[in-house]
Every structure is written in structure tokens, then in C-alpha cells.
Amino acid sequence: MNISSRQLDAFIALAQLGSFTQAARRCHLSQPAFSALIKGLEDSVGVRLFDRSTRHVALTQEGAQFLEAAQRIRADLGDAVQGLREAAALQRGRVSIALLPSLAAAWLPPVLALFHARHPGIQLQVSDLLSEPCIAQVASGQADLALAAIRADTEELQAEWFCADQLYLVCRADHALAALPAPCMADLRAHPFIQLARHSSVRQYLESQAAAPALDTLLEVEHLATVMGMVRAGLGISVVPALALFHFVQPGLVTRALADADRQRDLYLVRRRQRSLSPAAQAFHALALAHRPGVAPGSTQ
């Protein structure tokens, strides 16, 4: 059975107006063309939908039963088309982003506020996760995009370079290393060190570097806020990414960019390969690229 939207429109118009002439006019058709639509519909369904006389057109019993369904189908189709138009115009839709907590806490809020101001009808979902769970969310379709420290170029995923995140020493202002304007990793070896957990991207990056110096680990913790508290208490020093320095803008703490030329981690924007983004996700993708985080400001004290 092949019923067109034009046939449904013609059927509904004739049912409402009870006149071929008026219904044809509403549908902007000649009367013969309109009559052909109605006949084609009746032929398709195999029953007569209208009783006709020289002065009167009325729905048959079967036609009356079909009218409610036809109106519902036409309304649903109209809503679906309107939804697509609103999605294309960024008036409706949804975008889901998975990203590192350091990005989610500092870089994302003003970017997301700008996006929401431009597209208030778009639903937003944010997952602040470590790199591997971020990638997993994109791979499973839970997230449209991920910002992670893993270059996930696979058959299913593609990654584009997003930004470089320089690494910084953090220590107390009265610590011996605070006097060095440009410390390097080798300078840190002799001092108690507060490590992030092994599954963190910063820890993995530090340990993956060639000739990485052995560090005197005193504590291993999960969260940057905990690192800050331990360093502030004088228990040790640490190394954190520039995007997380907002945690360490505290009285008595110092941050210093590491002088080692390669002491920066690369972050990547990851999406599913050979899958087009929705209009909402594409708009966020473009906004994210236009507002990549810059290199953090110089040392603070």
C-alpha cells in the first residue's frame, strides 16, 4: 500500500468541507486532479471512503473510522518535519560531551554558557571523566564528542588535536624550588612528591616520557583538590596541567612552568568516524575549536 501525504491532505480536506470544489481549492488543485487523488486513495485502501451525490459528499462508515487515524498521522508527520526544521535551525536538539575534569571545571563553563545563550533550546549533557571513560562514551554513542588526553585514532574513532596543556610545578612559597624561575623535572627528584592516581592522564603522561626521573612519591591521591591541600600543608610538591591551575590559586602556593621542552600533554577532540554530527553537536564542535584554551599565564605567587 502506497499512500502519499497529498492523498491524506485531500482526504482530510474533503471530509471537513464536504465539497470537491472547496476541498480542491484548499489543496490548490484542479477538481479533476483532486478527484484523481481521492480515487487513488480509495483504490489503495480497497474501500469507498465517501458517498457522493450531485449535491452531497459524506464519509462512509469506513471513511469516518479512517479520518481520525489520517488526522493523527498527518499531525505526527507535521510534528516530525517541524522537529527536523527546528533541529537544523538549532532551536531543538541535544549535545552530549565527555571531557576531562580539569577542562570541565575551568574551560567548559564559559564556552557552554556562550553556547546556551546562542541556542537555549538545545539540551546539554556533560560527563566529567578521565580519558579512557571519555573515549568509551563516544565509542558507545553515549557522547557526541570527547576531549581527552588519548589520541584515539581507530577504525571507529577519529581524533583531532585540540590544544597543548603545559605542565607546572606546584609547591609552597617557602619551598626551596620556589626560588627557581624555570625548574625542570630533574630538580624535583629529591623532594617528597604528591602523585595523582595511576589512571590519571597526568600520571600516565609523566611515566611515559623517555628518561623520566624517578620521583620520591609520598602520597598517591585521586583528586586535584586533594593534591592542593597536601601541597599547601607542606607535605610535598606536585606537577599539574595548566588547565588545572585554578585549584592552586591559594595563599602561600607557587606555580612554575616546567622548563623541559616536552613537558606538555596534548589533548584531542574525539568523535565517531564516518558518522555525521547532529546540527547541535556540530555547532558545539565549531564553538569548541574557536575557543581552544590558550597556554596558561605565567607563574603566580
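The values are calculated or read from the model by the stated rules, or taken from the named source; none is laboratory data. Since this is a predicted model, take the numbers as computed values, not measurements. Note: ideal-geometry Cβ built from the backbone for every residue, glycine included; neighbour counts use all protein chains shown. Note: areas computed on protein heavy atoms with side chains; ligands, DNA, RNA excluded. Shrake-Rupley method; radii C 1.70, N 1.55, O 1.52, S 1.80 Å.
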Orientation-averaged projected area, Cα convex hull of region 217-271 (nm²) | 5.1 nm²
Accessible area per residue in Å² at 1.4 Å probe, computed on the chain = 52 Å²
How many nm separate the modelled label positions at A233 and S30, each set 7 Å beyond the Cα in the direction of the Cβ?
-> 9.0 nm
Please report the relative contact order for region 1-152, taking Cα pairs under 8 Å with a sequence separation of at least 6, and give it as a percent rounded to a whole number.
-> 18 percent
In the chain, what percent of the accessible surface is made up of carbon and sulfur (1.4 Å probe, ligands and nucleic acids excluded)?
-> 52 percent
Write down the percent of antiparallel bridges among all DSSP beta bridges whose residues are both part of the chain, to the nearest 5.
-> 60 percent
Please get the size of the charge dipole for region 1-70, origin at its Cα centre, with Cβ charges of +1 on Lys and Arg and -1 on Asp and Glu, quoted in debye to the nearest 20.
-> 300 debye
Cα centre as origin, Lys/Arg/Asp/Glu Cβ charges: the chain dipole, Debye | 1060 debye
For n ≥ 4 DSSP H runs only, could you compute -39500 (n - 2.57) per run for the chain, divide by its residues and tell me the 222 nm figure to the nearest 500?
-> -12000 deg cm²/dmol
Among A176, H291, L219, whose Cα lies farthest out toward the positive end of the dipole of the chain, if unit charges sit on the beta carbon of Lys, Arg (+1) and Asp, Glu (-1)?
-> H291
Dipole magnitude (debye, nearest 20) for region 1-134, charges at Cβ of Lys, Arg, Asp, Glu | 580 debye
Evaluate the relative contact order of the chain (contact order divided by residue number), counting alpha-carbon pairs under 8 angstrom at least 6 apart; express in whole percent.
-> 20 percent
Given charges at Cβ of Lys, Arg, Asp, Glu: the chain dipole, positive-most of A70, H28, Q264 = H28
Scoring only Lys, Arg, Asp and Glu (+1, +1, -1, -1) among other residues with Cβ under 11 Å from the Cβ of E155 yields 0
Computed over the chain: longest principal axis from alpha-carbon atoms vs helix 279-290 long axis, angle to nearest 10 degrees, is 30 degrees
